[in-house]
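A.B. asks: My structure is below; once you've seen it, I'll send some questions.
Read the figures in this text as sums done on the coordinates, not as results from a lab. Not measured: the values here are computed from a predicted model. Note: ideal-geometry Cβ built from the backbone for every residue, glycine included; neighbour counts use all protein chains shown.
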Amino acid sequence: MAIVPNGPVLALRGISKRFGAVQALTDIHLEVHAGEVVALVGDNGAGKSTLVKSIAGVGPADEGVIEWQGKPVQVTRPHDAQELGIATVYQDLALCDNIDVVGNLFLGREILRAGVLDEVEMERRSRELLQTLSIRIPSVRIPIASLSGGQRQTVAIARSMLGEPKLVILDEPTAALGVEQTAQVLDLVERLRDRGLAVILISHNMADVKAVADRVAVLRLGRNNGIFDVKTTSQEEIISAITGATDNAVTRRKARSGEVAK
Amino acid sequence: MTTNVDKTNGGPSNGANKASGPADANPVAKDAVTVVDPRLLVRQEGFKGYLTEFGRKMRSGDLGVVPVIVGIAIIWAVFQAKDSAFLSPKNLSDLSILLGGTGMISVGIVFVLLLGEIDLSVGSVSGLAAATLAVLNVNHGVPEGIAVIAALASGAALGAVHGFFFAKIGVPAFVVTLAGLLAWNGLMLQVLGTTGTISIADDSFVRDLTAHYFSQLIAAYGAATVATAGFFLAQFLDSRRRKAVGIPSRPLSEILVRTGVLAVIVYAAAWRLNEYKGLPLALVIFVAVLVILDFVVRRTSYGRKVIALGGSVEAARRAGINVVAIRISVYSLAGLMAAFGGIMIASRIGSASQQAGTGNLLMEAIAAAVIGGTSLFGGRGSVWSALLGMLVIGSISSGMNLLGVANSVQYMITGGVLLAAVVIDSVSRRTQRSAGRG
Ligand SMILES: Nc1ncnc2c1ncn2[C@@H]1O[C@H](COP(=O)(O)OP(=O)(O)OP(=O)(O)O)[C@@H](O)[C@H]1O
Ligand SMILES: [Mg+2]
């Protein structure tokens with residue numbers, strides 16, 4: 001296991017983001033340490049993907065500070081995030097349908113040999129990578145368009161493993177996967193943690209979250225709604241934080257009577 | 001790309017296709033010797049496999065260059081039957097020179113189409129470049145070389161202007177380049193001024209671009225030999241390297257067949273050209289540009305980025321590709337190639353005139369790229385489609401001129417061919433979709 005520094009790899013301080021009339025994120029705080037899996041959960045539309053995109057430089061936040069290894073950084077382009085060592089698997093995958101698997105895996109960081117694309121080396125490494133991830137696809141030379149949804153997802157995950165990231169963000173990586181592949185992705189997440197990487201895992205599946213995450217950060221309607229230690233928190237508590245009932249009885253009663261009043 | 005998968009099947013290096021170990025419940029994968037996905041249609045060894053693979057590709061809409069090649073064969077057969085002068089050395093030689101002008105413009109269009117965009121200004125840009133060259137050189141006595149460079153630079157700059165408005169400001173490319181079409185045509189008329197037509201001296205270097213022939217027999221045959229040997233070597237070395245690291249490679253038999261086909265074509269061309277005045281310089285320039293830019297598209301990360309943008313702009317952006325820079329550069333390249341084409345056309349005609357870059361030049365340049373197999377939908381195509389498409393268009397117009405068919409009919413027929421090409425493009429896209437390759 002790699003040496004884990006004390007401070008968080010990534011710290012979000014007061015991230016806010018709005019889309020026109022929608023305040024998608026309000027004052028979000030989050031810390032992720034090396035060798036830690038943080039699950040990010042919340043209902044549909046809670047702002048999870050928006051938060052991911054602001055970290056990845058795809059849709060930069062309006063306000064707030066992103067700290068990387070203790071220093072504030074500007075992440076305004078996807079390139080900035082890549083430079084830092086942030087690899088992201090997006091919910092909508094973001095692969096080029098017309099390019100083959102190898103080309104997609106290495107898109108934006110092609111291996112060159114004397115200034116020319118080294119297709120042989122890229123293909124070799126792709127096969128190697130897909131093999132270590134036990135990913136099964138018909139051929140690495142067919143366009144992404146001819147893969148099934150789950151196969152695409154595995155390619156997108158494999159893509160994030162290239163290039164030695166320090167933080168891997170997986171936005172619902174197992175949504176399209178079968179039982180076996182889901183298990184493999186969860187294994188993979190654990191392997192990443194054991195290698196000392198930081199992982200942010202977004203999932204709606206509580207069983208998955210409980211299985212691999214160390215901490216769970218809940219988003220609700222674009223705000224922080226608690227951070228829980230997985231070992232000491234019951235599934236019910238997390239679920240009530242997601243759905244809005246908070247974890248103490250008084251506020252829960254208040255919320256209930258509020259609902260009744262409506 | 002066709003690869004021969006079965007050679008390495010079962011080998012330890014065949015990782016990507018390997019079944020996922022004991023947890024895998026697939027009975028076929030378990031008991032069979034192969035560890036590939038059992039549903040994958042694996043190509044058989046040797047030439048027969050090549051044919052079945054070919055047939056399967058055709059049915060799934062992956063037509064490649066087949067429709068164009070068939071089209072060219074039919075066109076040539078029809079015209080040759082009507083008039084035996086069609087395949088005469090002189091006519092073929094003239095045709096090969098004719099290709100270079102519009103073809104050069106079409107190469108730029110291929111890049112723009114790969115992006116999934118369009119450039120309507122290339123005709124006007126080519127006319128303006130020719131006018132710039134002629135005015136600088138003939139009217140102001142600027143040395144030819146400098147005038148040519150200035151003309152090319154003006155094309156690249158104008159293209160960059162289109163690219164800037166499209167990529168940075170967000171104006172639809174169609175509108176920006178339509179504005180360019182009009183504006184640059186106006187500027188050309190302004191530059192030419194009252195002179196109207198400016199003749200280029202017969203003994204000039206610019207004239208030589210399309211008037212010079214390498215008349216020694218060895219030139220054409222030598223070029224054919226270099227092309228064949230280069231092709232074979234590139235394929236052979238690639239295949240050997242693939243074999244060395246244990247990934248699927250093209251079998252030698254297939255490389256030999258491909259090289260053989262190429263050899264027949266280039267030696268036949270060399271023979272025909274030598275029957276007339278020899279290897280035209282214009283053809284050498286055009287093919288050299290094609291080879292270089294094809295290399296750029298297929299083998300450099302720049303080309304990969306262009307194709308990625310044609311597939312999905314958002315995916316490309318998230319992969320860290322500088323979308324604005326790539327778009328501007330592609331439009332700049334289209335402008336550069338348009339200027340190059342304009343110079344070649346002026347060279348062939350022997351003058352820059354008010355008609356330069358107008359008429360059906362733009363249509364022909366776009367049509368050639370599409371007829372040659374570059375998709376209008378972006379992300380799919382090849383630089384060579386400029387040559388193939390121009391062969392179709394050039395053959396039709398040359399044949400009809402021989403037969404004395406009126407321009408009006410020629411336009412209608414070229415229009416029909418373009419429509420056919422677009423239909424093939426759309427249908428093959430749909431079939432590819434349903435065959436999962438789109
Ligand atoms: N590009 C956009 N333009 C406008 N509004 C957006 C945009 N992207 C997201 N939103 C809004 O921001 C809010 C958060 O969306 P987000 O995609 O982050 O949710 P999520 O937590 O990822 O949900 P899910 O679990 O369904 O993936 C939603 O209300 C959504 O409508
Ligand atoms: Mg989401």
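A.B. asks: Along the Cα-to-C-beta direction of B:Ser426, a point sits 7 Å from the Cα; which residues of the range B:351-380 have their amide N less than 15 Å from that point?
C.D. replies: B:371, B:375-378
A.B. asks: Also, quick follow-up: Could you pull out every residue, at least 5 positions away or on a different chain, whose amide H is within less than 5 Å of the one on A:Ser16? Hs are placed 1.01 Å off N in the peptide plane, and Pro or chain starts have none.
C.D. replies: Correct list: A:Asp27, A:Ile28, A:Asp62, A:Glu63, A:Gly64.
A.B. asks: May I ask for the equivalent-ellipsoid semi-axes of chain A, computed as the square root of five times each C-alpha gyration tensor eigenvalue and listed largest first in whole Å? Don't skip to the end; give the middle numbers.
C.D. replies: Working: eigenvalues 228, 81, 64 Å².
Each semi-axis is √(5λ); the values are 34, 20, 18 Å.
A.B. asks: Rg to Rh for the range B:87-183: what is it, with Cα atoms only and Rh by Kirkwood?
C.D. replies: Numbers: Rg = 15.9 Å, Rh = 14.9 Å.
Over the Cα atoms of the range B:87-183, Rg/Rh equals 1.07.
A.B. asks: Which residue, B:Ile285, B:Ile74, B:Ile105, has the most motion in a Gaussian network model of chain B that connects Cα atoms within less than 10 Å?
C.D. replies: Maximum fluctuation in the GNM of chain B, among the listed residues, is at B:Ile74.
A.B. asks: Sticking with this structure for a sec: What list of ³J(HN,Hα) values in whole Hz, one per residue of the range B:107-124 in order, does the Karplus curve 6.51 cos²θ - 1.76 cosθ + 1.60 (θ = phi - 60°) give from phi, with Gly and Pro shown as x?
C.D. replies: So the J values, rounded to whole Hz, are 4, x, 4, 4, 4, 5, 5, 4, 5, x, 10, 9, 10, 8, 8, 4, x, 4.
A.B. asks: Under DSSP H, which helices of chain A have Cα atoms covering 15 Å or more of the helix axis and a Kyte-Doolittle average no less than -1.0? Provide the component values of the computation, followed by the final result.
C.D. replies: Numbers: long enough: A:119-132 (19 Å, -1.34); A:149-161 (19 Å, -0.32); A:179-194 (23 Å, -0.31); A:249-261 (18 Å, -0.69).
What comes out of the filter, once short or polar helices are dropped, is A:149-161, A:179-194, A:249-261.
A.B. asks: Alpha carbons only, please: Rg and Dmax for the protein assembly as shown, in angstrom.
C.D. replies: Reported Rg and Dmax, both Å: 29.9, 99.
A.B. asks: Towards the positive end of the charge dipole of the range A:39-184, with charges on Cβ (+1 Lys, Arg; -1 Asp, Glu), say which of A:Gln153, A:Thr132, A:Leu167 has the farthest Cα.
C.D. replies: Farthest towards the positive pole: A:Thr132.
A.B. asks: Length gain on complete extension for the stretch B:Gln190 to B:Ala77, per 0.36 nm per residue less the alpha carbon to alpha carbon distance?
C.D. replies: Details: separation 113, 0.36 × 113 = 40.68 nm, distance 4.53 nm.
Computed gain between B:Gln190 and B:Ala77 is 36.2 nm.
A.B. asks: Give the value in nm², to one decimal: projected area of the alpha carbon convex hull of the range B:116-158, averaged over all directions. Walk me through the numbers on the way to the answer.
C.D. replies: On the way: hull surface 12.2 nm².
Over all viewing directions, the range B:116-158 projects a mean Cα-hull area of 3.1 nm².
A.B. asks: Which whole-number percent gives the relative contact order of the range B:282-438, counting Cα pairs below 8 Å spaced six or more residues apart? Numbers along the way, then the final one.
C.D. replies: Working: 110 pairs, mean separation 30.7, N = 157.
Reported relative contact order: 20 percent.
A.B. asks: Local charge sum around B:Asp94 (other residues, Cβ-Cβ under 12 Å, Lys/Arg +1, Asp/Glu -1)?
C.D. replies: Working: positive: B:Lys90, B:Arg272, B:Lys277, B:Arg348; negative: none.
For residues surrounding B:Asp94, the net value is +4.
A.B. asks: Here's a follow-up. Using bins 5 angstrom wide from zero, how does P(r) for the range A:92-240 break down, in % of all Cα pairs?
C.D. replies: 2, 8, 18, 19, 18, 13, 9, 6, 4, 2, 1, 0
A.B. asks: With Rg and the Kirkwood Rh both taken from Cα atoms, where does Rg over Rh land for the range B:302-383? Before the final figure, lay out each step's value.
C.D. replies: Numbers: Rg = 15.7 Å, Rh = 14.6 Å.
My calculation of the ratio gives 1.08.
A.B. asks: Here is a follow-up. For chain B, what does the relative contact order come out to in percent, with C-alpha contacts under 8 Å and a separation of six or more? If you can, show how the numbers build up before the last one.
C.D. replies: Numbers: 682 pairs, mean separation 134.5, N = 438.
Reported as a whole number, the value is 31 percent.
A.B. asks: Suppose every K and R has +1 on its Cβ and every D and E has -1 on its Cβ; what is the size of the dipole of chain A about the Cα centre, in Debye to the nearest 20? Working shown, then result.
C.D. replies: On the way: 30 positive and 32 negative charges, 112 e Å.
Around 540 debye, computed over chain A.
A.B. asks: Among A:Lys166/A:Lys231; B:Lys243/B:Lys305; B:Lys48/B:Lys90; A:Lys53/A:Lys231, which pairs are too far apart, with a Cα-Cα distance over 32 Å? Walk me through the numbers on the way to the answer.
C.D. replies: Values: A:Lys166/A:Lys231 24 Å; B:Lys243/B:Lys305 28 Å; B:Lys48/B:Lys90 40 Å; A:Lys53/A:Lys231 29 Å.
Listed pairs above 32 Å: B:Lys48/B:Lys90.
A.B. asks: Can I ask one more? State to the nearest 20 debye the size of the charge dipole of the protein assembly as shown about its Cα centre, where the only charges are +1 on K and R beta carbons and -1 on D and E beta carbons.
C.D. replies: Values: 64 positive and 54 negative charges, 160 e Å.
Approximately 760 debye in magnitude.
A.B. asks: Sort largest first and round to whole Å: the equivalent ellipsoid semi-axes of the range A:132-172, each the square root of five times a Cα gyration tensor eigenvalue. Write out the running numbers ahead of the final one.
C.D. replies: Values: eigenvalues 81, 27, 15 Å².
The equivalent ellipsoid of the range A:132-172 has semi-axes of 20, 12, 9 Å.
A.B. asks: Taking one equal scatterer on every alpha-carbon of the range A:68-154, how large is log10 of I(q)/I(0) by Debye at q = 0.14, 0.21, 0.22 1/Å?
C.D. replies: Result of the Debye calculation: -0.59, -1.10, -1.15.
A.B. asks: What FRET efficiency comes out for B:His140 versus B:Leu51 if R0 is 60 angstrom and r is the Cβ-Cβ distance? Round to the nearest 0.05.
C.D. replies: On the way: r = 61 Å, r/R0 = 1.02.
That pair, B:His140 with B:Leu51, gives E of 0.45.
A.B. asks: Share of Cα-Cα pairs in chain B beyond 36 Å, in percent?
C.D. replies: Working: 31351 of 95703 pairs.
Result for the distance tail: 33 percent.
A.B. asks: Which percent, nearest 5, of DSSP beta bridges in the protein assembly as shown are antiparallel?
C.D. replies: The antiparallel fraction comes to roughly 60 percent.
A.B. asks: Relative to the first principal axis of the alpha-carbon coordinates of chain B, what is the inclination of helix B:66-82, with its axis defined by its Cα atoms, in degrees from 0 to 90 and to the nearest 10?
C.D. replies: So the helix axis and the longest Cα principal axis differ by about 50 degrees.
A.B. asks: Gaussian network model of chain B, Cα springs within a sub-10 Å range: biggest mean-square fluctuation belongs to which of B:Leu361, B:Leu133, B:Leu403?
C.D. replies: Result for chain B, Cα springs under 10 Å: B:Leu403 fluctuates most.
A.B. asks: Let me ask another. Peptide A:81-90: average number of partner chain Cβ atoms within 10 Å per residue? It would help to have the intermediate numbers written out before the result.
C.D. replies: Values: counts 2, 3, 1, 0, 0, 0, 0, 1, 0, 3.
Going residue by residue through A:81-90 and averaging, the value is 1.
A.B. asks: Okay, next question. Looking at B:Ala134, B:Ala334, A:Leu221, which one has the Cα that reaches farthest to the positive end of the dipole of the protein assembly as shown (charges on Cβ: Lys, Arg +1; Asp, Glu -1)?
C.D. replies: My answer, from the dipole projection, is A:Leu221.
A.B. asks: Can you pull the one-decimal nm distance between simple spin-label points at B:Ala85 and A:Arg195, each 7 Å off the Cα toward Cβ?
C.D. replies: Reported label-point gap for B:Ala85 and A:Arg195 is 7.1 nm.
A.B. asks: Right, something else. Given H placed on each backbone N at 1.01 Å, which residues far from B:Gly372 in sequence or on other chains put an amide H within less than 5 Å of it?
C.D. replies: B:Gly389
A.B. asks: Let me ask something else. If N is the number of residues in the range B:343-438, what value comes out of its Cα radius of gyration divided by 2.2 N^0.38 Å?
C.D. replies: On the way: Rg = 15.6 Å, N = 96, 2.2 N^0.38 = 12.5 Å.
Expressed relative to 2.2 N^0.38 Å, the Cα Rg reads 1.25.
A.B. asks: Show log10 I(q)/I(0) for the range B:234-366 at q = 0.12, 0.15 Å⁻¹, two decimals, from a solvent-free Debye sum over equal Cα scatterers.
C.D. replies: Scattering profile of the range B:234-366, log10 relative to I(0): -0.81, -1.08.
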